[in-house]
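S.K.: What follows is a structure written as structure tokens; I'll ask about it next.
The values are calculated or read from the model by the stated rules, or taken from the named source; none is laboratory data. Given the structure is predicted, the values throughout are model-derived calculations rather than measurements. Virtual Cβ from ideal backbone geometry, glycine too; neighbours counted across all protein chains shown.
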2 protein chains.
Amino acid sequence: MALGEFDLIRKYFTRPTQAARTAVLGIGDDCALLQPTPGLQWAVSCDMLVEGRHFLATVPPERLGHKALAVNLSDLAACGAKPVAFTLALALPRVDEAFLAGFARGMFALADAQHIELVGGDTTAGPLNLCITVFGEVPPGQALRRDGARAGDALWVSHAIGGGIGDARLALEVFRGQVGLGADDFEAVRRAMEWPQPRVALGLGLRGLASAAIDLSDGLVGDLGHVLRRSGVGASIQVDTLPLSPVLARQSRALQLECALAGGDDYELLFSAPPSAEAGVLAAAAAAGVAVRRIGRIEAAAGLRLLDAAGAELALAVQGFDHFSG
Amino acid sequence: MALGEFDLIRKYFTRPTQAARTAVLGIGDDCALLQPTPGLQWAVSCDMLVEGRHFLATVPPERLGHKALAVNLSDLAACGAKPVAFTLALALPRVDEAFLAGFARGMFALADAQHIELVGGDTTAGPLNLCITVFGEVPPGQALRRDGARAGDALWVSHAIGGGIGDARLALEVFRGQVGLGADDFEAVRRAMEWPQPRVALGLGLRGLASAAIDLSDGLVGDLGHVLRRSGVGASIQVDTLPLSPVLARQSRALQLECALAGGDDYELLFSAPPSAEAGVLAAAAAAGVAVRRIGRIEAAAGLRLLDAAGAELALAVQGFDHFSG
């Protein structure tokens, strides 16, 4: 007999000893009850992941569990919010215990690392679909927003030490059969795609330093566009300063630019900060254990200009990834 | 050209003038920011709806938009929490503007009636899937829980004035071709299935009166089982006291009991309260504009006993609906 829904919830998503105990009342009632920290605001974000759109059927369940939570934590990071708790809704075509065990292992490993708790959710039969909603806390007025970029600010992007942006897109191109890579190179970029690291510590460190921030989920150009529109400014990017991993740096220049500028799935922070904040930004990154790179600047003139090393404008057609038209 | 994801979000889910303005920062940033009311706890619940499981392809989009939010608000009602805000994640096979317009209309009509705000979410391409997470507030210690039922308490169920429980299941049996109904009767029970009314006002009114509460989503027997297990008690139900609509009351006794006891999708409140609270319960229901019916009592002996009018125990095999084994 197949495991029923309630047994399934108990077996994989109820934890005998809570690694973090933030909820007054957790899984098993109609609602979870949480006690907000007095004076703080709540940051809420929600991402839905669909097979074939946000992950491939080839992803190991453990990495998928990690990624489903990571992409949500990345939104909290982009707001400078401290993660507190999350809910998980899961539609599964069938009860697949190997999948559930791996998924739960990957998800809870990241939850434990961030000291946050699964406080509720839903499971149902249906085409594979993962929906996580995360909650974080931030002092009033200190959240990093998209609308605060000002002309003259420097434009920064985070990246793994020794890594860069665009690797997830490069991995996708390999899966699509458009690019060939050696086994080690493929594993490196596949890991970037399947095991993104939310920049939570950096987001917290950028409070009071960054004038605007967003996380890179749909590609640098598209995501930067949101910041520019909401802030009423433009920007220029020095494309030769884009941080690239050794693997991507060995690809053609056209592929480098496509992956780094329009890649998607990077889950790095793109942020602006006044020039006076540079030392603070570098210190925040060092404290968070990640690298940051200054890649351009915010300008008063609307639009985005991509510049080569000589300062000449490149004519590139890059678009933000769009889940319906992309 | 098809509407892109961002245009779609703007067109249907951004409202020019917010009917309720609870969010410090709403849709359009990485996170929504909410300011909790000092001293209150947050109640959080999350439900995912999948076509063919939780609704049929025949449901009018406006009713689906209503129902997706209603089933989540029902969880807040069962906790006695006051709704504040919600997020929506939506996977759609294609951009269908007629569907989106109707869905948004039904969802926002209920949101406006409850004075709550859509504060964020996600849209993506994929098999139709709706995931809503709701947030409410409740004073510490006043949430209605599942674990507070005590032997001697009366067992109550809410229902629409002039209606009852089990109609949604009866409608499902008609859709399945198992039962035939006249057009008016079918529309009445179909409305119960597609347009459930979350008992938010009743849930608030039951604070301090009910010893335990749950909302009826999977069927009375199954949902009551959660309360009994968590409270460490048993119960008896006088089946002849179950509130039935005129339509269900005209069906066979076997179908009546199947629909009322194991129906699912009722979204009424099932709650226990000490006998001394009876006048208060009736007053709370009257103030909320709904009916309540005393259907049995909580007992020390474990298990559930179904009794006929003479007090004899019925031998019925009814199970709670389970999304995987049901």
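S.K.: Hey, residue A:192 hits all of (1) of a type outside the set (Lys, Arg); (2) under 21 Å from residue A:171 (Cα atoms); (3) in contact with a strand residue (DSSP E or B) (Cβ under 9 Å, 6 or more places away or on another chain) but one; which does it fall short on?
M.R.: With (1) of a type outside the set (Lys, Arg); (2) under 21 Å from residue A:171 (Cα atoms); (3) in contact with a strand residue (DSSP E or B) (Cβ under 9 Å, 6 or more places away or on another chain) applied to residue A:192, the lone miss is (3).
S.K.: Restrict the check to segment B:80-98 and report whether at least one residue is outside the structural domain of residue B:172 (by TED's automatic domain parsing), within 30 Å of residue B:272 (Cα to Cα) and surrounded by fewer than 24 Cβ atoms within 10 Å (Cβ to Cβ). Walk me through it before giving the result.
M.R.: Step one: filter segment B:80-98 for residues outside the structural domain of residue B:172 (by TED's automatic domain parsing), giving B:80-98.
Next cut, within 30 Å of residue B:272 (Cα to Cα) only: B:80-86.
Imposing the further condition that a residue be surrounded by fewer than 24 Cβ atoms within 10 Å (Cβ to Cβ) reduces the set to B:82, B:85.
The answer is yes, given that some residue of segment B:80-98 is outside the structural domain of residue B:172 (by TED's automatic domain parsing), within 30 Å of residue B:272 (Cα to Cα) and surrounded by fewer than 24 Cβ atoms within 10 Å (Cβ to Cβ).
S.K.: Let me ask you something else. Within 19 Å of the chain's Cα centre (by Cα), among the small types (Gly, Ala, Ser), buried (at least 19 other Cβ atoms within 10 Å of the Cβ) and more than 7 Å from every other protein chain (Cβ to nearest Cβ): is that true of residue B:143 in this structure? Steps first, please.
M.R.: Details: within 19 Å of the chain's Cα centre (by Cα): yes; among the small types (Gly, Ala, Ser): yes; buried (at least 19 other Cβ atoms within 10 Å of the Cβ): yes; more than 7 Å from every other protein chain (Cβ to nearest Cβ): no.
For residue B:143, the condition - within 19 Å of the chain's Cα centre (by Cα), among the small types (Gly, Ala, Ser), buried (at least 19 other Cβ atoms within 10 Å of the Cβ) and more than 7 Å from every other protein chain (Cβ to nearest Cβ) - is not met.
S.K.: May I pose another question? Please go through segment B:207-232 and pick out each residue that is under 18 Å from residue B:281 (Cα atoms) and more than 13 Å from chain A (Cβ to nearest Cβ).
M.R.: Hits for segment B:207-232 are B:207, B:208, B:209, B:211.
S.K.: Condition (residue is within 15 Å of the chain's Cα centre (by Cα) and either among the aromatic types (Phe, Trp, Tyr) or over 20 Å from residue B:66 (Cβ atoms) (or both)) applied to segment B:154-165: is it met by at least one residue? Even if it seems obvious, please write down each step before you answer.
M.R.: Pass one, segment B:154-165, residues within 15 Å of the chain's Cα centre (by Cα): B:157-160, B:164-165.
Checking which are either among the aromatic types (Phe, Trp, Tyr) or over 20 Å from residue B:66 (Cβ atoms) (or both) leaves us with B:157, B:164.
Checked segment B:154-165: at least one residue is within 15 Å of the chain's Cα centre (by Cα) and either among the aromatic types (Phe, Trp, Tyr) or over 20 Å from residue B:66 (Cβ atoms) (or both).
S.K.: Oh, and also: Of everything in segment A:283-304, what is assigned to a helix (DSSP H, G or I) and under 18 Å from residue A:268 (Cβ atoms)? Give them in sequence order.
M.R.: A:284, A:285, A:286, A:287, A:288 - these are the residues of segment A:283-304 that are assigned to a helix (DSSP H, G or I) and under 18 Å from residue A:268 (Cβ atoms).
S.K.: Separate question: State all residues of segment A:118-132 that are facing chain B (nearest Cβ under 7 Å) and not in a strand (DSSP E or B); if no residue qualifies, say none.
M.R.: Residues satisfying the conditions are A:126, A:127.
S.K.: For residues in segment A:170-199 being among the aliphatic types (A, V, I, L, M) and crowded, with 24+ Cβ neighbours inside 10 Å, which is nearest to the other protein chains (Cβ to nearest Cβ)?
M.R.: The selected residue is A:193.
Residue-by-condition table, conditions (1) without any contact (Cβ under 8 Å) to a residue 60 or more places away in the chain; (2) assigned to a loop (DSSP other than H, G, I, E, B); (3) more than 22 Å from residue B:78 (Cα to Cα); (4) among the polar types (S, T, N, Q):
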| residue | (1), (2), (3), (4) |
| --- | --- |
| B:251 | no, yes, yes, yes |
| B:256 | no, no, yes, yes |
| B:259 | no, no, no, no |
| B:277 | no, no, no, no |
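S.K.: Just checking, how many residues over segment A:39-86 are hydrophobic (A, V, I, L, M, F, W, C), in contact (Cβ under 8 Å) with a residue 40 or more places away in the chain, closer than 22 Å to residue B:127 by Cα and not in a strand (DSSP E or B)? Talk me through it step by step, then tell me what you get.
M.R.: Initial filter on segment A:39-86 (hydrophobic (A, V, I, L, M, F, W, C)): A:40, A:42-44, A:46, A:48-50, A:55-57, A:59, A:64, A:68-71, A:73, A:76-79, A:81, A:84-86.
Among the residues that remain, those that are also in contact (Cβ under 8 Å) with a residue 40 or more places away in the chain are: A:40, A:42-44, A:46, A:48-50, A:55-56, A:59, A:64, A:68-71, A:73, A:76-79, A:81, A:84-86.
Adding the requirement that they be closer than 22 Å to residue B:127 by Cα leaves A:46, A:48-50, A:55-56, A:59, A:64, A:68-69, A:71.
Those still in the list that are not in a strand (DSSP E or B) too: A:56, A:59, A:64, A:68-69, A:71.
Here the count works out to 6.
S.K.: So residue A:316 passes all but one of these: (1) in contact (Cβ under 8 Å) with a residue 60 or more places away in the chain; (2) away from chain B (no Cβ under 14 Å). Which condition number does it fail?
M.R.: (1)
S.K.: Hey, another quick one. Residue B:147 - would you say it is outside the structural domain of residue B:288 (by TED's automatic domain parsing) and charged (D, E, K, R)? Before the answer, list the steps.
M.R.: Numbers: outside the structural domain of residue B:288 (by TED's automatic domain parsing): yes; charged (D, E, K, R): yes.
Yes: the conditions hold for residue B:147.
S.K.: Further question: Could you pull out the residue among A:89, A:101, A:19, A:77 that is under 27 Å from residue A:158 (Cβ atoms) and either among the basic types (Lys, Arg) or at pLDDT 90 or above (or both)? Even if it seems obvious, please write down each step before you answer.
M.R.: Values: A:89 fails: under 27 Å from residue A:158 (Cβ atoms); A:101 fails: under 27 Å from residue A:158 (Cβ atoms); A:19 fails: either among the basic types (Lys, Arg) or at pLDDT 90 or above (or both).
None of the other options fit; the residue is A:77.
S.K.: Here's something else I'd like to know. Test of understanding: among B:245, B:231, which residue is farther than 21 Å from residue B:79 by Cβ and at pLDDT 95 or above?
M.R.: Selected residue: B:245, the only one of B:245, B:231 that is farther than 21 Å from residue B:79 by Cβ and at pLDDT 95 or above.
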